[in-house]
Each structure stands twice: as structure tokens, then as C-alpha cells.
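Take a look at the structure below.
The values are calculated or read from the model by the stated rules, or taken from the named source; none is laboratory data. Source: prediction; values computed, not measured. All Cβ positions, even for glycine, are placed from backbone atoms using ideal geometry, and neighbour counts span all protein chains on display.
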Amino acid sequence: MLRSLYSGISGMKNFQTKLDVIGNNIANVNTYGFKKSRVTFSDLVSQQIAGAAGATQTTAGTNPQQIGLGSQISSIDTIHSSGATQTTSRTLDLALSGDGFFPVGTLTDLSRINIDQGNQIGNNLIIGVIDGAVDLNYTRAGNLYMDDKGYLVTADGMYVIGEAGEKTVPSTQAIQKSQNALNSIGNFSTPYGNMMTGLEDISKEANELLNAYQEYNDAQTNYLKNESPAQGTLYNSMVSSYGALTTILNQFTPAVTNFSNLANNFRNSITTLNGGVTQFNGSQPFGTIVREFTTTVSPIVGPFTAPGQGTAVPDTTLSTMNTVISNLNSYMIDLEKIGQSVVNFEGLAEDLQKPQFSNKLSGEAGLIQIPLDAQSFSIGSDGTVTFVNAKGELNVAGQVRIATFSNASGLEKVGGNSFRQSANSGLIDKNNNGIQLDELSVAGEDGVASIVAGALEMSNVDLSEEFTEMIVAQRAFQSNTKIITTSDEILQELMGLKR
């Protein structure tokens with residue numbers, strides 16, 4: 001009688017486990033890249049009542065007599081069938097169409113991987129074997145992100161491992177050359193700003209003086225046309241406009257002196273900047289910039305004087321003033337051109353301190369980094385990550401690789417939508433010399449999954465199947481409880497025989 005009790009207990013425990021697995025499947029019905037599990041059972045040990053007997057001349061053979069003592073968990077399998085693909089239109093969402101996993105991981109040895117840290121710039125390459133520098137996990141969840149340095153990472157902050165793009169790190173000499181150029185630009189900024197302000201001021205003063213000349217000339221002409229009365233409106237207007245003219249002239253003379261000083265300082269600063277430009281642009285390849293600034297600001301022709309009151313303004317004075325104003329306008333245009341040239345020069349100098357990507361892959365394992373100033377980026381079906389840099393050039397940031405296993409069901413779940421290699425999953429490292437880049441497959445080649453950008457793989461949990469299994473497990477659990485209660489009642493009857 002005790003055997004049926006323990007058989008019922010083993011069944012209850014097993015179906016509790018089955019319900020736990022079903023509950024976990026249902027809980028992850030909306031988990032991207034999740035792979036459902038199932039439970040299989042096998043019978044436990046059987047007690048031998050009688051052994052099998054072979055046939056004799058007079059009797060036939062007999063079968064063994066055994067009583068089973070319950071059930072046990074045979075396996076808890078991970079089912080790696082593909083889930084449905086959900087379109088998200090997000091560039092960094094990747095789905096795998098086929099077999100394989102994204103290799104991701106945390107860095108374990110920073111001395112073996114050149115990564116951007118603080119102000120230090122790295123080329124993103126892994127030195128030596130991949131698993132010597134990275135603690136690798138594998139995932140089907142392709143909802144990726146960019147960190148503060150532009151590296152592709154998972155939601156848990158693990159780096160995506162693949163083939164790094166060709167990234168050139170600025171040398172010490174290039175950084176020093178850039179800094180010297182930026183210093184020369186910094187020294188030029190104050191004289192340039194002063195010149196811009198001074199040019200705006202003197203242009204305003206010159207226009208006011210020209211207007212004053214013209215207003216006085218008009219008033220003096222009107223006065224003479226009306227027989228030069230000693231007093232009256234016309235006379236007063238002429239006197240007033242003449243007073244305004246002399247006042248503006250008195251202000252214009254020191255303004256011209258101040259502007260001339262600013263112009264001299266500006267010429268000197270241009271000469272200094274030309275030296276920095278020549279030094280910077282003397283070797284290749286650093287692009288072509290304006291080698292010399294030839295624009296100079298000539299002194300304003302003067303001095304200008306007021307004619308005697310009642311005397312017309314000479315035509316030469318008005319002509320000279322118009323010429324001065326025209327020259328000042330031309331100077332402003334030239335000054336703006338100089339400013340734009342300096343901005344271009346500054347951009348080239350700053351580029352020397354930035355890492356430069358090319359339009360090809362490095363051929364080495366590493367991390368995938370998209371510069372933060374990239375205008376746009378995309379990921380191809382083979383995992384190649386390309387971006388348009390700040391200059392509008394197409395560069396390659398790297399290539400997402402795919403890891404495959406001979407027995408994917410043997411992988412261990414470690415949480416966070418990730419798996420880890422186990423003793424029965426098969427090895428990526430086929431030569432036992434560490435994981436190399438060529439042991440991670442290119443997406444879409446040799447039967448490996450291709451990458452679908454702008455989409456995610458949904459969970460492969462089928463709710464209708466899970467609910468059916470839940471009903472089966474519930475009824476089976478109830479049946480095992482009935483075995484226990486029935487056995488208990490029979491034991492109660494045996495106890496009653498004493499009475």
C-alpha cells in the first residue's frame with residue numbers, strides 16, 4: 001500500500017515542475033528572443049516481484065513481474081524553434097532569420113582590448129583570442145542600443161562582439177599639430193572680433209556722416225534759392241544741419257583713428273595666423289585649406305572737414321564718402337570670408353584629434369562603435385554596420401557576427417535573454433586555442449541566419465499549447481492526489497481491523 005502513496009507523491013512533484021515550466025513560458029510570452037521549455041517524464045525504478053522464466057519442454061516461458069514505484073523528470077528541454085518576426089522600424093532592432101545567436105559579453109581584461117576610456121581613444125580591436133578579453137554570452141534578443149561612447153550594447157549593457165571597423169587613432173604628433181593650430185586660431189579670435197565690431201561701428205559712423213553732409217547740402221541749397229534771408233525757417237534749418245554735421249565730424253575723426261589701430265592689429269594677427277596655417281598645411285594628407293589671407297584693410301581717406309557755413313559741400317567730398325562706404329561694405333564681405341576660412345581651418349585642425357573610420361572592415365575581432373556625430377547609420381542583412389559621418393562620407397563601423405552551436409538545446413539559460421555555452425552544447429572554439437574571429441560566422445552565409453534590421457524575433461511560446469498542457473498537468477496532479485487519498489482510506493480500513 002505504501003508504494004502507491006510514494007508513486008502519487010512522485011507524480012505530484014513532477015507535475016508541479018511541469019506547471020512551473022508552463023508558468024515560466026507564459027510569463028515570457030512577450031519576451032523578445034525567448035525560447036520556451038518543455039518537461040518530459042520517465043518511469044522510476046520498478047520493484048521485481050518475479051523474474052522472467054524461459055520455456056522448458058513441458059512449460060512455456062513466463063514474463064517478469066514488476067511494480068513501478070513512480071515517475072521522474074526525464075528532461076527539461078529548451079525548444080529553439082524560431083519565433084515570429086515583429087517589425088519595429090527601429091534601426092538598432094535586429095532579428096535573426098535562421099539558426100544562430102548574437103555574441104555579446106562583458107569585458108574581463110581591459111589590457112587586451114583597445115576601447116575608448118575617458119579622454120583615451122582606442123581602435124576597438126581585441127588583442128589575441130576573443131574569450132581571453134570578453135566573458136561571452138549569446139542571445140537571440142536583438143534590441144540593441146548605443147552607449148555614451150557609441151558602442152553597440154544590449155539592454156543589460158553587454159557589448160556586441162563582431163568584426164571591428166577600420167579605425168585610425170590620432171597620433172601624438174597629430175594631436176600636438178592640431179593643438180598648435182587651434183591655439184593660433186584662439187589667438188586670432190579676439191582681433192577678429194574686435195575688427196568685426198570696429199568695422200560695424202565705423203560703417204555706421206560713415207553713413208551718418210554722409211547723411212549729415214547731404215542734409216546740410218540740401219538745407220544750404222534751399223537757403224540760397226530763397227535769396228538768403230538773414231532769419232527764418234530756412235536759415236535756422238541750415239544752421240541746425242550745419243551744427244549736426246560738425247558734431248558728427250568731431251565724432252568721426254577719433255573713430256577713424258580707432259579703426260586704423262584695429263586694422264593694423266588685425267593685419268598683424270592675420271600674419272601670425274598665416275604662419276599657423278602654413279605650418280599646419282605643410283605636410284600631407286591633411287586636406288587643402290586657404291593658405292594665405294591676402295585681404296587687407298586700407299586706411300580711410302581723410303580727414304574730412306566741414307565747409308564754411310553757407311558754402312556748399314564739395315562734390316569731391318560726397319564722392320569720397322560714397323567710396324569709403326563702398327569700401328567698408330567690401331571689407332565686411334572680405335571679413336566674413338576670412339571668418340569662414342578660419343572655421344574651415346578649425347574644423348580640419350579638430351579632425352586631427354578625432355579617430356577616423358574608413359569604408360572597410362579591419363579584419364580583426366572587436367567592438368562595434370558608431371561615432372556620436374554620425375548623420376545616420378544602417379545595418380545590412382550580413383550584419384555590416386555603416387554610417388554617414390559628419391562630412392557626409394560613408395564609413396564602416398563594423399560587422400555583427402553570428403555564433404552557432406551543434407546542439408543549441410544544450411546551452412544554459414543565464415537570464416537576461418542570454419545563453420551560455422555548456423559541456424553539451426558544442427564548442428565555438430573548434431581548435432581549442434581560443435575563440436577567433438573566423439569561428440564566428442557572417443550572417444547569411446553557410447546556412448547561418450541572416451539579419452533583419454528594423455525587426456525583432458518574438459517569443460516562440462504558443463499560448464494555446466501552453467493552456468492545453470496546463471489543463472493536462474492540472475488533471476494529472478489531481479489524479480495523483482486521488483491515488484494518495486484512496487491509499488489513505490484503505491490504510492484506514494486496515495487500522496479498523498483492530499477493533
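Please go through region 251-269 and pick out each residue that is out of contact with any Asp or Glu (no Cβ under 9 Å at 6 or more places or on another chain), in contact (Cβ under 8 Å) with a residue 24 or more places away in the chain and not hydroxyl-bearing (Ser, Thr, Tyr).
Here is the first cut: in region 251-269, the ones out of contact with any Asp or Glu (no Cβ under 9 Å at 6 or more places or on another chain) are 253-254, 257, 260-269.
Those left that are additionally in contact (Cβ under 8 Å) with a residue 24 or more places away in the chain: 253, 260, 262-263, 265-269.
Listed by number, the residues that qualify are Leu262, Ala263, Asn265, Phe266, Arg267, Asn268.
Could you grab me the full set of residues in region 18-34 that are out of contact with any helix residue (DSSP H, G or I) (no Cβ under 6 Å at 6 or more places or on another chain) and outside any loop (DSSP other than H, G, I, E, B)?
Hits for region 18-34 are Asp20, Val21, Gly23, Asn24, Ala27.
Being of a type in the set (Val, Ile, Thr) and farther than 30 Å from Gln279 by Cα is the filter here; which residues of region 181-235 pass it?
Selection gives Ile202, Thr221, Thr233.
Kindly provide the set of residues from region 213-225 that are in contact (Cβ under 8 Å) with a residue 24 or more places away in the chain and under 9 Å from Tyr242 (Cβ atoms), ordered by number.
Correct list: Tyr216, Gln220.
Only one of Val160, Val134 is among the β-branched types (Val, Ile, Thr), assigned by TED's automatic domain parsing to the domain that holds Gly434 and within 21 Å of Val396 (Cα to Cα). Can you tell me which? Give the derivation first.
Numbers: Val134 fails: within 21 Å of Val396 (Cα to Cα).
Among Val160, Val134, only Val160 is among the β-branched types (Val, Ile, Thr), assigned by TED's automatic domain parsing to the domain that holds Gly434 and within 21 Å of Val396 (Cα to Cα).
In region 53-92, how many are in contact with a Ser or Thr (Cβ under 8 Å, 6 or more places away or on another chain) and of a type outside the set (A, V, I, L, M, F, W, C)?
14
Looking at Met146, Met158, which one is crowded, with 20+ Cβ neighbours inside 10 Å and either in contact with a helix residue (DSSP H, G or I) (Cβ under 7 Å, 6 or more places away or on another chain) or of a type outside the set (Phe, Trp, Tyr) (or both)?
After ruling out the rest, the residue left standing is Met158.
State all residues of region 22-47 that are of a type in the set (Val, Ile, Thr) and either surrounded by fewer than 19 Cβ atoms within 10 Å (Cβ to Cβ) or at pLDDT below 85 (or both); if no residue qualifies, say none.
First, the residues of region 22-47 that are of a type in the set (Val, Ile, Thr): 22, 26, 29, 31, 39-40, 45.
Passing the criteria: Ile26, Val29, Thr31, Thr40, Val45.
Looking at Ser441, Ser479, Ser422, which one is over 24 Å from Asn30 (Cα atoms) and crowded, with 18+ Cβ neighbours inside 10 Å? So that I can check it myself, show each step before the final result.
Values: Ser479 fails: crowded, with 18+ Cβ neighbours inside 10 Å; Ser422 fails: crowded, with 18+ Cβ neighbours inside 10 Å.
None of the others qualify; the one that does is Ser441.
Which of (1) among the polar types (S, T, N, Q); (2) outside the structural domain of Lys13 (by TED's automatic domain parsing); (3) more than 44 Å from the chain's Cα centre (by Cα) is the odd one out, the single condition Ser406 does not satisfy?
Unmet condition: (3).
Among the listed residues Thr78, Thr62, which satisfies the condition of being in contact with a Lys or Arg (Cβ under 6 Å, 6 or more places away or on another chain), surrounded by 12 or more Cβ atoms within 10 Å (Cβ to Cβ) and not assigned by TED's automatic domain parsing to the domain that holds Ile161?
Exactly one of Thr78, Thr62 is in contact with a Lys or Arg (Cβ under 6 Å, 6 or more places away or on another chain), surrounded by 12 or more Cβ atoms within 10 Å (Cβ to Cβ) and not assigned by TED's automatic domain parsing to the domain that holds Ile161, namely Thr78.
Are any of the residues in region 193-209 touching an Asp or Glu at 6+ places or on another chain (Cβ under 8 Å) and in contact (Cβ under 8 Å) with a residue 24 or more places away in the chain? Spell out how you get there, then give the answer.
So the first thing to find is which residues in region 193-209 are touching an Asp or Glu at 6+ places or on another chain (Cβ under 8 Å), and the list is none.
Checked against the condition, which is being touching an Asp or Glu at 6+ places or on another chain (Cβ under 8 Å) and in contact (Cβ under 8 Å) with a residue 24 or more places away in the chain, region 193-209 yields no hits at all.
Taking Gln48 as the residue in question, decide whether it is in a loop (DSSP other than H, G, I, E, B) and farther than 30 Å from Val385 by Cα.
It is false that Gln48 is in a loop (DSSP other than H, G, I, E, B) and farther than 30 Å from Val385 by Cα.
I'd like the full set of residues that are among the hydrophobic types (A, V, I, L, M, F, W, C) and touching a strand residue (DSSP E or B) at 6+ places or on another chain (Cβ under 8 Å), limited to region 100-129.
Matches in region 100-129: Phe101, Phe102, Val104, Leu107, Leu110, Ile113, Ile115, Leu125, Ile126, Ile127.
Of the residues Gln220, Gln214, which is modelled with pLDDT of 80 or more, within 17 Å of Asp315 (Cα to Cα) and either touching a Leu at 6+ places or on another chain (Cβ under 9 Å) or not assigned by TED's automatic domain parsing to the domain that holds Gly310 (or both)?
Gln214
I need the strands (runs of 3 or more DSSP E) fully contained in region 342-406, keeping only those with at least 2 residues that are surrounded by 14 or more Cβ atoms within 10 Å (Cβ to Cβ) and among the β-branched types (Val, Ile, Thr).
On the way: elements: 356-367, 376-379, 384-388, 394-402.
Ranges flagged: 384-388, 394-402.
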